[in-house]
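Readers should treat all values here as calculations from the given coordinates under stated rules, not as data from a laboratory. Quick caveat, the model's predicted, so the values are computed rather than measured. Neighbour counts are summed over all protein chains in view; Cβ atoms, including those assigned to glycine, are modelled from backbone coordinates with ideal geometry.
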Amino acid sequence: MIDFRKPLFLPDETSAAALEEVAPSVAISSARGLLVVVTLLTVFGLTMLYSASYGTAGLKFFRNQLIWVAAGGAGAVAVFLFGYRKVAGHALLWMGISFVLLLVAAFCFPAVNGANRWIRFRVPGMEMSIQPSEFAKVAVALFVAKYCSENLRTFNNLRGRNGMLVLAAVTGAVILGILIGRDLGTTILVTSAALGIMVAAGLYLRYLIVPAICAGLLGVYIYFHDPARVARVVSFTQPEVMQQGKGYQLWNSLLALGSGGWNGIGFMESRLKARYLPEAHTDFILAIVGEELGMVAMVGVILLYAAFTWYALRISLHSSSRLGMLLGFGLTLGISLQAFINIAVVTGSIPTKGMPAPFISYGGSNLVASLIAVGLLLSIAADTACPGYSEQYWNVIRSRLSFLPWWRQYRNRDDESDE
């Protein structure tokens, strides 16, 4: 029986020694597996994005996604080189930046599809946008994991400088910023990940009563004051009856999956992506996968997501630090839960919700944030296998830059100041 009065992930004294012996090898093998899985998902996503969007938008979305892949890869490399400990050390700063950007998106930019989630800007040659709530997911995981790991014995106290009220206030402010932008799905996802980290750290179960009451009150409010969302739930239960109204998107998604059969109708041969299925390249791209490549490909995607969860959890469970365990668990929960929700929406298992498939759907913010999360997971694995790896990498980088004149001058000034 699980004792929620102590952390779920921290080993007891009898198993700590054995865990320390096997942790480095498990971390390295899991990191390699995770990197392979993420690469396969990303390449597969680019391939399916090309198929889903080429007929209607040419290479526009494919080209933009390549840019976001490069940006996300650079972000993953950056957090890996700095190390998750240093990145988490500035968790409160990331929370503050996320909160400000969420308010900017909510009050300074027009709504799109009924939600104020995006900050739009123009760069030479294209118009781009970012969704701050995607980066807020990583920021919340960093902050909650760091706070709980540093205050393991006190964060359950209701009051005090290191107690529950401080944790709830800071985390709740960012979650409220997401909710103000009318992004209910991401609000639920971030709240679930934050609570998951707290439970793993040993949260008293009585504290879950308040979030449960808030969720119930929110449901009552939506039922009486947001008929559009209520209609979306009704369409989920009766997609065929409402196929010309609120159930249009879900009905066409089910048609795409059904017409694909086991082997699909062929790559680039989808009939529903052109005019019938909205968001075919974003939230419902897996419906195109099922139509063109069949149920076999859908099962393959599900297995890849399951493998991602397996490798990421192994990295978390074998981390050499409490912070790494909690942070890895929170990041894994966020990405895996998002993948589960997207698959459930596409197959009509839950109400339609605008949530992309991680690493596959078109969307720069989600892709960059997901790849940054992968970089943090790889950093946790590297730190377990080789403590202090980050400083070793930076020493190598400094030695490689020694041929630059401006770098030599900088190093000389730094040495003089040390003397």
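Relative to the present Cα-Cα distance, how much length would full extension add between ASN263 and CYS386 at 0.36 nm per residue of separation? Contour length minus Cα-Cα distance gives 39.8 nm. Comparing segment 87-143 with the 2.2 N^0.38 Å rule of thumb, its C-alpha radius of gyration ratio is 1.24 (two decimals). The residue among ILE341, MET164, LEU255 whose Cα reaches farthest toward the positive pole of the charge dipole of segment 13-413, with charges on the beta-carbon of Lys, Arg, Asp and Glu, is MET164.
Ordered by the count of other Cβ atoms within 10 Å of each Cβ, fewest first, MET164, MET298, MET268 give MET268, MET164, MET298.
Highest mean first, the peptides 249-261, 37-49 sorted by other C-beta atoms within 10 Å per residue fall in the order 249-261, 37-49. Other residues within the sphere of radius under 12 Å centred on the Cβ of GLY330, judged by their own Cβ, net out at +2 (K and R +1, D and E -1). Between PHE121 and ILE180, the contour length at 0.36 nm per residue exceeds the alpha carbon distance by 19.1 nm.
Local charge for GLY264 was computed over the other residues whose Cβ lies under 11 Å away, with Lys and Arg +1 and Asp and Glu -1, and equals -3. For THR309, THR347, the sequence from fewest to most other C-beta atoms within 10 Å is THR347, THR309. Once the Cβ-Cβ distance of THR56 and LEU303 is raised to the sixth power relative to R0 = 25 Å, the FRET efficiency obtained is 0.25.
Counted by neighbouring Cβ atoms within 10 Å, the residues SER270, SER321, SER51 run from fewest to most as SER321, SER51, SER270. In order along segment 192-207, phi translates into HN-Hα couplings of 5, 5, 5, 5, x, 5, 5, 4, 5, 7, x, 4, 5, 5, 5, 6 Hz, rounded to whole numbers, per the Karplus curve 6.51 cos²θ - 1.76 cosθ + 1.60 with θ = phi - 60° and x for Gly and Pro.
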